[in-house]
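Taking it in order: structure first as structure tokens, then the write-up.
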Amino acid sequence: MTQAPNSTCSPRMLVRAGKTLSQYQEEYLWPVLVVEFLVAVGGNGLVLYRFISREQRPWHPAIIFSAQLAISDLFYAFSLPALVVYFYPPKNWSFGKAACLLDHFLFNCNLYSSIFFITCISLNRYLGIVHPFFAHGHVRPKHAWAISLAGWGLVAALAAPTFKFSHLVLPQNGTIQCYVNQSEGCTKCLGTAEDDHVPNYWVYSLVLAVLGCGLPFLLTLLAYGAIGQAILTNPNITRPEKVKVGMLVVGGVVLYAMSYIPYHIMRVLNVQARWQWLKHCSSFTSESQAVAALDLGLYLGYQVSRGLVPLAMCLHPLLYTAVASSLRCPRLCGGAKSEEISLRPH
């Protein structure tokens with residue numbers, strides 16, 4: 001087990017540090033989350049409606065995975081309003097402990113389910129483009145449903161420790177009111193660990209970064225790399241088609257790299273910085289010294305990365321369900337006429 005900080009921080013130092021850090025969420029993060037909530041709900045809701053009302057049953061595996069992604073993104077978006085209300089000045093959680101734990105669990109669960117289903121879509125495309133006869137002969141809707149069910153169980157297990165680490169921080173003095181300039185009277189809903197468990201939370205964050213983000217990204221990158229090579233070396237595909245498919249492939253990888261990877265890297269580094277700050281907290285002689293020791297640039301970067309994650313949920317409908325007939329490539333499939341394999345769900 002990782003060693004916990006062996007110093008005790010005075011409540012006064014913790015309150016002052018928390019007030020300094022919270023201003024970024026109160027000033028910048030909540031408006032971004034409002035816009036992203038509206039766009040994500042509208043886009044993914046429309047996509048899901050289209051799947052349900054227009055796609056022929058039984059759904060192909062590509063549609064099954066894309067529908068699961070849309071559901072996951074919707075659930076993720078539905079966890080944002082509570083955070084918006086919480087971050088809106090003054091930063092104060094008024095929904096109780098159970099809602100606090102549940103909101104952070106759903107936040108993580110649907111984040112990693114989105115990553116999981118993006119990976120499934122990428123691997124399904126890889127099979128359809130690079131190994132079309134295998135995909136046509138062996139990949140069935142029942143397999144996609146089974147993988148989806150297993151994926152939901154896997155991400156729920158991965159996010160379950162959130163219930164252990166998330167917690168409420170109640171006002172020490174119940175008579176103090178919560179105001180913008182008086183955060184001592186506000187209730188905090190924290191998705192990170194209490195001070196004594198920060199080292200363990202750092203390990204958990206590292207596990208999430210590797211298993212929940214790094215490994216799926218590697219699989220997605222390899223899948224899209226193989227798809228790109230197969231398309232570029234296929235003489236039956238015209239240059240405009242290659243360009244359009246290449247843009248979609250590159251767009252998927254870039255969106256992944258810009259949204260998910262920065263968040264996981266910054267979260268690990270932010271927890272590490274908090275751990276180091278707590279180790280030295282008992283030696284601070286003033287509030288100004290405690291604030292000066294905070295890595296505000298790193299924390300601001302972490303908050304920016306938090307805003308980039310919902311951005312991916314907004315762009316998934318455009319990236320994975322864009323209607324482009326030129327991306328339907330039956331010629332890639334070795335002449336298989338019974339099913340057109342494309343780089344988008346069909």
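Points worth noting:
- Just so you know, in region 149-186 the residues that are polar (S, T, N, Q) and surrounded by 17 or more Cβ atoms within 10 Å (Cβ to Cβ) include one that is farthest from the chain's Cα centre (by Cα), and it is 183.
- Residue in region 62-113 that is modelled with the lowest pLDDT, counting only those that are under 27 Å from residue 139 (Cβ atoms) and β-branched (Val, Ile, Thr): 63
- Qualifying positions in region 58-73 - over 20 Å from the mean Cα position of the chain (by Cα), part of a helix (DSSP H, G or I) and more than 11 Å from residue 120 (Cβ to Cβ): 63
- Yes/no for residue 124 being in contact with a Pro (Cβ under 7 Å, 6 or more places away or on another chain) and not hydrophobic (A, V, I, L, M, F, W, C): yes
- Among the criteria (1) surrounded by fewer than 16 Cβ atoms within 10 Å (Cβ to Cβ); (2) at pLDDT 85 or above; (3) not acidic (Asp, Glu), the one residue 14 does not fulfil is (2).
- Flag if residue 160 is at pLDDT 85 or above and more than 30 Å from residue 276 (Cβ to Cβ): no
- Tally, over region 201-252, of residues that are in contact with a Gly (Cβ under 9 Å, 6 or more places away or on another chain), free of Cβ contacts under 8 Å to residues at least 40 places away in the same chain and hydrophobic (A, V, I, L, M, F, W, C): 2
- Listed by first and then second residue, the pairs with beta-carbon distance under 7 Å, at least 6 apart or on different chains, first residue in region 136-150 and among the aromatic types (Phe, Trp, Tyr), second buried (at least 16 other Cβ atoms within 10 Å of the Cβ), are 145/64.
- Residue check for residue 121: of a type in the set (A, V, I, L, M) and under 20 Å from residue 317 (Cα atoms): yes
The values are calculated or read from the model by the stated rules, or taken from the named source; none is laboratory data. Just so it is clear, the model here is predicted, and its values are computed rather than measured. Positions of Cβ are backbone-derived with ideal geometry, glycine not excepted, and every protein chain shown enters the neighbour counts.
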